Amino acid sequence: MPQPFRFAVSATCGAARTGVISTPRGDIRTPAFMPVGTAGTVKAMMPDSVRATGADILLGNTYHLMLRPGAERVARLGGLHQFMNWDRPILTDSGGFQVMSLSSLRKLTEEGVTFRSHFDGSKHKLTPERSMEIQRLLGSDIVMCFDECPALPASDEAVARSMRLSMRWAQRSRDAFGDRPGHALFGIMQGGVTPDLREESAQALQSIGFDGYAVGGLAVGEGQEAMFGVLDYAPGFLPADKPRYLMGVGKPDDIVGAVERGIDMMDCVLPSRSGRTGQGWTRRGSVNIRNARHADDPRPLDESCTCPACRNYSRAYLHHVVRSGEIIGSMLLTWHNLHYFQELMQGLRDAIAAGALPQFVADFHALRAEGDIELL
């Protein structure tokens, strides 16, 4: 029998907590940031390089992998871990977010969603049962139930209708998932920015029973203030002995604020997407390496960073390769960004364990407020 999925909190500091999620494929230190490997790859990175940044787990995308190369093909080739050469845990999202973002190409019913591929226009149907089947074929360690996520702002009536549909789909996802030792199924709380709806959703999910719980429906246009407003109360509606996952977040200050409010897991395309567009994230905030001010700068992107980009290359070189469209520019900046995000997570874990999170957060904001290093 495979090792069961477990979560243990080792320390708390205010609402924040640090601990470990144990899976058959390895431990996940929390709070955890999951790099996004949408189509079976973290763009511009090799799997061992992603691991070297400190990542314990990756996220794969059900919608994209369903369309290309196809879940059945991945299964025939040994599952997603073998296919992409990543032997540690993988979480797959359910496809619900893409259903929202492709609203112009979809038809939504009680049964599920019929939509046309944004690749070739081919017609597909995604239901809770099919989402569970795809994620089983992929072989992911953490499976997300299928949900419908409305874009914000939206009326309370629309959010309530969507949330209750998602709760019915959550039950169907639970039924279709079945008994899979060593694999976990997470439910997804919805309810927009309305406390009563969030609480109703949390109660519905707990009556079904999941291995972990996500706070969904945020980072979809409501802004940081509204998101933090929800996170001030929503994690408290969820069981304290289960992981809490904030989907699709985010920027470093979003991450710090979410951890302060009791979130254990996060994911976002930001560090890799930024790396491919010439944006580096540092302790002092973001840096646009394409700007002319870096063309003659022999200093590293971040003098206290130990990633290959900062250890071996200057801002001037990064400026040159990014402006020239050289592939190494995307590689180096993506590695740096992922390294910084994982270093931030380790700092948060250490601060929570030491009972020193308020000072860590104060120092984090103070250094960012200073801005980038001065021009030579």
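The values are calculated or read from the model by the stated rules, or taken from the named source; none is laboratory data. All of these numbers come straight from a predicted model, not from anything done at the bench. Cβ placement follows ideal geometry from the backbone for every residue including glycine, while neighbour counts extend to all protein chains displayed. When the accessible area is computed, the model is the full protein with side chains, heavy atoms only, and any ligands, DNA or RNA have been set aside. Shrake-Rupley method; radii C 1.70, N 1.55, O 1.52, S 1.80 Å.
Rounded, prolate or oblate for the range 180-301? Axes are the square roots of the Cα gyration tensor eigenvalues, ordered a ≥ b ≥ c, and the cut-off for rounded is a/c under 1.5.
Numbers: a/c = 3.14, a/b = 2.21, b/c = 1.42.
The shape class here is prolate.
Determine, from the Cβ-Cβ distance of ALA366 and ASP196 and an R0 of 35 Å, the FRET efficiency 1/(1 + (r/R0)^6), rounded to the nearest 0.05. Efficiency for this residue pair is about 0.40. Only helices enter the 222 nm calculation for the chain: every DSSP H run of n ≥ 4 contributes -39,500 (n - 2.57), and dividing by all residues gives -12000 deg cm²/dmol, rounded to 500.
Between CYS268 and MET34, VAL36, the built amide H atoms are under 5 Å apart, and every one of these is 5 or more places off in sequence or on another chain.
Where a ≥ b ≥ c are the square roots of the eigenvalues of the C-alpha gyration tensor, would you call the range 36-99 rounded, which needs a/c under 1.5, or, failing that, prolate if a/b is larger than b/c, or oblate? Kindly include the intermediate steps, with their values, before the conclusion.
Details: a/c = 2.01, a/b = 1.37, b/c = 1.47.
Here the range 36-99 falls in the oblate category.
With the alpha-carbon atoms as the only input, what is the per residue convex hull volume for the chain in Å³? Numbers along the way, then the final one.
Values: hull volume 51.3 nm³, N = 376.
That works out to 137 Å³ per residue.
Among 61-73, 116-128, how do they line up from the highest to the lowest mean number of other beta-carbon atoms within 10 Å? Each step should come with its number before you reach the end.
Working: 61-73: 18.8, 116-128: 14.0.
Per-residue mean Cβ counts within 10 Å order the peptides as 61-73, 116-128.
Each Cα pair under 8 Å and six or more residues apart adds its separation to the average, and for the range 292-376 the resulting relative contact order is 23 percent.
I need to check one value: relative contact order of the range 53-176, counting alpha carbon pairs closer than 8 Å and at least 6 residues apart, in percent. Before the final figure, lay out each step's value.
Working: 179 pairs, mean separation 33.7, N = 124.
Relative contact order for the range 53-176 comes out at 27 percent.
Segment ILE373..TYR233, full-extension length gain: 46.7 nm, with 0.36 nm per residue of separation and the alpha-carbon distance subtracted. Inter-part distance, the range 328-376 to the range 254-275, computed on C-alpha centroids, equals 12 Å.
In percent, what relative contact order does the range 1-48 have, based on Cα pairs under 8 Å that are 6 or more apart in sequence? Walk me through the numbers before you get to the answer.
On the way: 53 pairs, mean separation 11.7, N = 48.
24 percent.
For the chain, the list of Cys residues with no other Cys C-beta under 4.7 Å reads CYS13, CYS145, CYS149, CYS268, CYS307.
Please work out how much length the chain gains when fully extended from GLN171 to GLU110, using 0.36 nm per residue of separation minus the C-alpha to C-alpha distance, in nm with one decimal.
Details: separation 61, 0.36 × 61 = 21.96 nm, distance 1.29 nm.
Extra length from GLN171 to GLU110 when fully extended: 20.7 nm.
On full extension of the chain, what length is gained from GLU157 through ALA226, given 0.36 nm per residue of separation minus the C-alpha to C-alpha distance? Intermediate results must be reported in sequence, preceding the final value.
Details: separation 69, 0.36 × 69 = 24.84 nm, distance 1.84 nm.
That pair, GLU157 and ALA226, stretches by 23.0 nm at full extension.
Could you size up the charge dipole of the range 143-184 around its Cα centre, putting +1 on the beta carbon of Lys and Arg and -1 on that of Asp and Glu, and report it in debye to the nearest 20? Could the numbers behind the result be given before it?
On the way: 6 positive and 6 negative charges, 28 e Å.
Its charge dipole is roughly 140 debye.
Carbon-plus-sulfur accessible fraction, the chain (probe radius 1.4 Å, protein heavy atoms only): 50%.
Hull volume per residue, based on the alpha-carbon atoms of the range 223-356 and their convex hull, is 117 Å³. Under 25 Å of direct C-alpha separation, and excluding same-chain neighbours fewer than eight residues apart, LYS43 reaches these lysines: LYS251. Taking all protein chains as shown and a probe of 1.4 angstrom, ASP241 keeps an accessible surface of around 100 Å².
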